[in-house]
Amino acid sequence: MKRAKPADKPLRGLSGRLVLLGAGKMGSAMLEGWLARGLDPRKLAVLEPHPTKAIQALARRGVTINPRKKIFEASAVVVAVKPQNAPEAMPTLEPFVGKSTLALSIMAGRTVAFLQGALPAGTAIVRAMPNTPAAIGRSITVACANPMVSARQRKLASSLLSAIGKVEWASDETLMDAVTALSGSGPAYVFLLAEAMASAGIAAGLPPALATRLAHDTVAGSGELLHRSQLSAATLRENVTSPGGTTAAALDVLLGPGGLEELMTKAIAAATRRSRDLAG
């Protein structure tokens with residue numbers, strides 16, 4: 001077995017301790033990613049009122065589950081609870097937040113202003129929006145920081161978030177509503193595309209099971225090709241399209257008036273508005 005090099009374990013030398021608030025699907029994905037990237041389990045504490053058996057089992061590796069007496073100032077606290085549970089859950093972090101603690105939130109819709117109101121004054125805060133491919137380490141996360149975040153803390157946030165995929169930074173928090181609409185909700189649009197393609201295949205005469213397999217694997221394979229290729233999506237599309245061919249006939253419909261681009265623009269706009277509404 002090939003031994004991992006230090007560069008393959010970017011969290012191995014992390015100083016200080018981490019606290020994870022919320023170990024649901026996204027929180028658990030981050031936790032697993034941190035441990036895989038070399039984080040010493042003894043440096044991690046998890047606050048979760050209903051820990052799964054998998055989370056409880058981490059105690060045998062040194063992870064502290066729901067500490068009561070062993071209170072410490074954390075290098076970072078990561079907030080991964082459901083947004084609606086935040087007002088009740090956030091106070092449990094207060095004993096772990098000191099002057100040099102970074103607060104990293106992956107809660108959808110909860111603004112930096114909300115976090116500042118729920119944490120001690122002057123806390124360095126990063127708000128981030130991952131998406132569900134985090135479950136397989138393929139999230140795309142966009143983050144923004146308040147003015148108290150230092151360069152060192154920004155680097156720490158990037159390291160923690162890169163455990164579930166790629167990380168981008170936004171200079172303005174107002175962009176986070178559009179980020180939520182595009183990448184946060186985006187996986188649902190892709191899954192809908194697979195559903196629609198399967199339904200169209202059935203309407204064209206294919207057996208349902210075959211149509212579903214063809215649609216799912218076409219979407220998955222095309223996404224992987226886009227991921228690996230150096231070419232743009234537009235170039236890859238053009239490479240599949242022969243003038244006057246079957247693909248061109250379909251694209252004439254999809255790119256026509258009221259077609260996919262127009263619908264997607266309306267959909268992203270609707271999701272952006274809803275994100276703003278939910279943020280208050």
Might you let me know whether segment 127-136 holds any residue that is farther than 22 Å from SER28 by Cβ, crowded, with 20+ Cβ neighbours inside 10 Å and modelled with pLDDT of 95 or more?
no
Against the definition (modelled with pLDDT under 95, in a helix (DSSP H, G or I) and in contact with a strand residue (DSSP E or B) (Cβ under 8 Å, 6 or more places away or on another chain)), how does ALA59 come out, yes or no?
yes
Segments classed as strands (runs of 3 or more DSSP E), wholly inside segment 76-143, with at least 2 members that are under 22 Å from GLY186 (Cβ atoms):
102-105, 124-129
Quickly run through segment 183-223 and pick out the residues that are of a type in the set (Ser, Thr, Tyr) and over 22 Å from the mean Cα position of the chain (by Cα).
SER199, THR212, THR218
Reported set for segment 179-215 where residues are without any contact (Cβ under 8 Å) to a residue 40 or more places away in the chain and either within 30 Å of GLY109 (Cβ to Cβ) or not in a helix (DSSP H, G or I) (or both) is ALA188, VAL190, PHE191, LEU192, LEU193, ALA194, GLU195, ALA196, ALA204, GLY205, LEU206, PRO207
Of all residues making up segment 222-240, the number that are in a helix (DSSP H, G or I) and more than 19 Å from LEU251 (Cα to Cα):
4
Taking segment 164-178 on its own, how many of its residues are of a type outside the set (A, V, I, L, M) and assigned to a loop (DSSP other than H, G, I, E, B)?
2
Of GLY244, GLY221, GLY186, GLY205, which residue is modelled with pLDDT of 95 or more, exposed (fewer than 13 other Cβ atoms within 10 Å of the Cβ) and under 22 Å from ILE140 (Cβ atoms)?
GLY221
Name the single residue, out of those in segment 23-38 being in a loop (DSSP other than H, G, I, E, B) and out of contact with any strand residue (DSSP E or B) (no Cβ under 7 Å at 6 or more places or on another chain), that is surrounded by the most Cβ atoms within 10 Å (Cβ to Cβ).
ARG37
Yes or no: segment 66-75 includes at least one residue that is among the hydrophobic types (A, V, I, L, M, F, W, C) and within 20 Å of ALA145 (Cβ to Cβ).
yes
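The values are calculated or read from the model by the stated rules, or taken from the named source; none is laboratory data. Bear in mind that the values here come from a model prediction, so they are computed numbers and not experimental data. Note: ideal-geometry Cβ built from the backbone for every residue, glycine included; neighbour counts use all protein chains shown.
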